[in-house]
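First the structure, in the form of structure tokens, and then the observations on it.
Only the coordinates and a few stated rules stand behind these numbers; no lab work does. What you are looking at is a predicted structure, and each value in this text was computed from that prediction instead of being measured. Don't worry about glycine lacking a Cβ; one is built from the backbone with ideal geometry, like all the others, and counts go over all protein chains shown.
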Amino acid sequence: MTHDAFRRRYESIRRRTDRRLLRVRPAPGAPHLRDGCRYVLDGGGKRVRSALLILSSEAVGGAAADALSAAAAVEILHNFTLVHDDVMDNADARRGRPTVHRKWSVNDALLVGDELLGAAYEALLETPGSAHRRLAGVLTQGLLDVCEGQALDLEFEGRTDVSVKEYFRMIGKKTGSLIATATELGGLVGGGTRSAVAALRRFGLRLGSAFQVQDDLLDVVGDSRDFGKTIGGDILEGKKTYLLLRAAERAEGDDRRLVGRVLRKEGSRGEWKTDDGAVTPEGRAIVERVKDVYVRCGVAEEARRVVQRTTREALSELGRLPRTSAREMLRWLAEELVHRES
């Protein structure tokens, strides 16, 4: 298949997932809750986890139609995490629209997230077959891992001594786990062998790590028009990214003192950003200085190599599966995700 053929197939899966999500009818007797859930599910998104699940199922011989409800479940669960993340981050916007807690209230947002969690399991139970207990176990473990990863991320905000090893453990839980949940569920729904399902899970975990490091990298080299958020935002928030942690290990002199200021979030409110989130001239200058440190210390280039290496490790797991168009499309989608510019 050509790149254009893969793209058309991906868009077809995306549209099919969107149609399946229209069947979700949460809380009919509670208008705010119902409207909030529909607001979230109708907000778009790339539906990457759904596509990975469906393709994983096809890669082991399953049918896309049989995997669609599980794909919807993973997408709903992902959106549940976003709603609660936005509350914790006090975020104003998501996908170009006001966040749920801004449009309604924090209490409404918490209830919307809880309702979406229930709707995810409801969708999962509509998967054909009798392996619902096993599927629910995988989805539940994914949920627990994401919560643990988010808790670690929050804990890191108050620390200046986070190690790169701890960082990879955190992103493995927060980002990699849900992607691995999607690929593992796909393998199970498709009736894959134990070894094939295990390979798909390892593929998802490694892909998740590559995806997150690429996300960290885009924060300093991306285009804000494509990336969808302020370039350098992670720097201004003192977020413990791969680049910042590696720079903390390598930088010396004035560079080290600058990185230390970012780690301690000394200017994240008032000096570098205003109370309403606007970046000050001082903040823009700090971003440029830190980006320069990343380049001179070699951590920007090192991050690219990490993305490349982890992607190769992920793709090597696909070699354990039969050679099919679905497997090749998983390879294509993985490459698209980690080499994206937005």
- Query: All but one of (1) touching a helix residue (DSSP H, G or I) at 6+ places or on another chain (Cβ under 7 Å); (2) of a type outside the set (F, W, Y); (3) within 20 Å of L68 (Cβ to Cβ) hold for S130; which doesn't?
  - Reply: (1)
- Task: Among the numbered conditions (1) without any contact (Cβ under 8 Å) to a residue 60 or more places away in the chain; (2) over 22 Å from the mean Cα position of the chain (by Cα); (3) over 30 Å from G192 (Cα atoms); (4) surrounded by fewer than 16 Cβ atoms within 10 Å (Cβ to Cβ), tell me where R23 comes up short.
- Result: (3)
- Query: Taking the stretch 83-109 only, how many residues are more than 20 Å from the chain's Cα centre (by Cα) and without any contact (Cβ under 8 Å) to a residue 40 or more places away in the chain?
  - Reply: 5
- Query: What number of residues within the stretch 26-58 are assigned to a loop (DSSP other than H, G, I, E, B) and either surrounded by 14 or more Cβ atoms within 10 Å (Cβ to Cβ) or at negative phi (or both)?
  - Reply: 10
- Query: Do we find a residue being surrounded by fewer than 21 Cβ atoms within 10 Å (Cβ to Cβ), free of Cβ contacts under 8 Å to residues at least 24 places away in the same chain and either in contact with a His (Cβ under 8 Å, 6 or more places away or on another chain) or closer than 24 Å to N90 by Cβ (or both) anywhere in the stretch 137-147?
  - Reply: yes
- Item | Qualifying residue in the stretch 58-73 (condition: touching an Asp or Glu at 6+ places or on another chain (Cβ under 7 Å) and among the aliphatic types (A, V, I, L, M)) | yes
- Message: Quick check on the stretch 304-327. Is at least one of its residues surrounded by fewer than 20 Cβ atoms within 10 Å (Cβ to Cβ), among the acidic types (D, E) and in a helix (DSSP H, G or I)?
- Response: yes
- Yes/no for L135 being more than 24 Å from E317 (Cα to Cα), out of contact with any Cys (no Cβ under 8 Å at 6 or more places or on another chain) and assigned to a helix (DSSP H, G or I): no
